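As structure tokens, the structure follows; a few thoughts come after it.
Every read-out reported here was derived from the displayed coordinates using simple, explicitly stated rules and does not represent laboratory data. All figures in this text were calculated on a predicted structure; none of them were measured in a lab. Please note: Cβ atoms are built from the backbone with ideal geometry, for glycine as well, and neighbour counts cover all protein chains shown.
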Amino acid sequence: MLAAMTTATNLPSAPSRLADPGEGISADELALAGRNHALLLEAMRHDVTPAGLHYVLVHYDVPDVDATTWTLSVDGKVATPLSMDLERLRAYPPVSIPVTMECAGNGRAHLEPRPVSQPWLEGAVGTAVWTGARLVDVLADARPTGRAVDVVFTGADHGVERGVEQDYARGLSLAEALRPDVLLAYEMNGQPLPPQHGFPLRLVVPGWYGMTSVKWLTSITLTDAPYDGFQNAVAYRVKQDVDDVGEPVSRIAVRALMIPPGFPDFGSRRRIVEAGHVALSGRAWSGRGVVTRVEVSYDGGTTWADAVLEPAPGRFAWARWTATWTATPGDHELSVRATDDTGDTQPTSPAWNAQGMANNGVQRVHAHVR
């Protein structure tokens, strides 16, 4: 069944807009930031992010789902509609894949003017080992007809966005959905999904920004036309103006992050580092290719030096990098950037767009060396 979506003319609406010059973070944005949380950057020391440290974005509310009565429907342009519980899904051959997932809005708060929404800095990312049934195996049993072109995934979370009442739903082309690494995941890091990560079942689409990996999955519907629901046609678009149609957000742009060295000042998060040889490390990833190079700058991006890049634990998982900084007394700006095998390199300044999507500008870490 397709997502419930109606125009909520009598309900409050928060239209997409840009912050005015000098406008601070609002109480509404703080409320979003309080519900959603970023990865603590020091947690990048873990190859696999513990579930409680993995970033979380909940569009509406975490639904109260009873796994004993929950079912997943597979319908639409299929020869054999299905209705499955967890026991039946677990009967498919289980597959486990380490996947780095990043929110498409990661870095939005650095943009100027700032798109008003969840005010992410750098930490909307995490890497987990997801276990579940391959979507291609389930669809094989449903037998898509020759008219099927898109697959629509609907979750149990329900709310209003920009005046439109809806169940959260995303569409994916049938060709993309049939990739062998797309999962219907019921475990995260070897345990049942936590409530905030989609219990009892979620979609995991490796290489794509996190908005595609629909949580609290209730239905999969195959359609004979490209899906034009809100989350595809209005949200998650790269727009040069709030009224533009824009281009859809899809695969994750190449990116690297650094674990900030030393220790922080509580209020500013500015780093305090002792002079001498300082070990630096972090992670790099790309949904569009394989990371082939990581570089570090110790002078605000004027010069760059190669870091040591370690093998990634999987095609869609981040890779660890390390470097040694000879820190001299004074104030410094550290940066890190990655390049993948498609030739894409992170820009030193983020590419602005009206919804703050797919920002992969280089990270800047301010440090005082004493």
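Using a Förster distance of 51 Å, how high is the FRET efficiency between HIS368 and VAL290, based on the Cβ-Cβ distance and rounded to 0.05?
Working from the Cβ atoms, E equals 0.90.
How would you rank 237-250, 347-360, 120-133, highest first, on the average number of other Cβ atoms within 10 Å across their residues? Don't skip to the answer; put the middle values down first.
Working: 237-250: 14.9, 347-360: 19.4, 120-133: 22.6.
Highest to lowest by the protection proxy: 120-133, 347-360, 237-250.
Rg to Rh ratio, segment 255-369, alpha-carbon atoms and Kirkwood radius?
0.98
Which of these, ALA19, ALA38, ALA319, has the largest mean-square fluctuation under a Gaussian network model of the chain (Cα springs below 10 Å)?
Largest GNM mean-square fluctuation: ALA19.
Can you say what percent of the DSSP beta bridges in segment 5-248, counting only those with both residues inside, are antiparallel? Round to 5.
Close to 90 percent.
First measure r as the distance between the Cβ atoms of ASP243 and ALA27, then evaluate 1/(1 + (r/R0)^6) with R0 = 22 Å and state the FRET efficiency to the nearest 0.05.
The pair ASP243/ALA27 has a calculated efficiency of 0.25.
On full extension of the chain, what length is gained from TYR60 through HIS158, given 0.36 nm per residue of separation minus the C-alpha to C-alpha distance? Write out the running numbers ahead of the final one.
Details: separation 98, 0.36 × 98 = 35.28 nm, distance 0.61 nm.
Value of the extension gain: 34.7 nm.
Quote to one decimal, in nm, the extra length available between LEU86 and ALA275 on full extension: 0.36 nm per residue of separation minus the C-alpha distance between them. The partial results should precede the final answer.
Values: separation 189, 0.36 × 189 = 68.04 nm, distance 5.53 nm.
My answer for the length gained is 62.5 nm.
Tell me what the chain gives for mean residue ellipticity at 222 nm when only DSSP H runs of n ≥ 4 count, each as -39,500 (n - 2.57), the sum divided by the residue total, rounded to 500 deg cm²/dmol.
Result for the chain: -2000 deg cm²/dmol, rounded to the nearest 500.
How long are the semi-axes of the equivalent ellipsoid of segment 88-165, taking √(5λ) for every eigenvalue λ of the Cα gyration tensor, in whole Å from largest down?
Largest first, segment 88-165 gives 33, 20, 12 Å.
What nm value, rounded to one decimal, do you get for the distance between GLU42 and PHE263 when each label is placed 7 Å out toward the C-beta?
0.9 nm
Please work out how much length the chain gains when fully extended from THR71 to THR342, using 0.36 nm per residue of separation minus the C-alpha to C-alpha distance, in nm with one decimal. Display every interim value, and only then the final one.
Details: separation 271, 0.36 × 271 = 97.56 nm, distance 4.07 nm.
Full extension of this stretch gives 93.5 nm more.
What is the spin-label model distance, in nm, from ALA351 to ALA225 if the labels are put 7 Å beyond Cα along the C-beta direction?
Between ALA351 and ALA225, the simple spin-label model gives 3.0 nm.
Can you pull a Stokes-Einstein diffusion coefficient for segment 69-213 at 25 °C (0.890 mPa s), Rh from Kirkwood over Cα pairs, as a whole number of µm²/s?
148 µm²/s
Determine the principal axes of the Cα atoms in the chain, then give the extent along each, sorted from largest to smallest and rounded to whole angstroms.
Principal axes ranked by extent give 68, 47, 36 Å for the Cα atoms.
In cubic angstrom, how much convex hull volume per residue do the alpha carbon atoms of segment 179-242 span?
130 Å³
With each label point set 7 Å from Cα along the Cα-Cβ vector, what nm distance links GLU176 and THR322?
Rounded to a tenth, the inter-label distance reads 3.7 nm.
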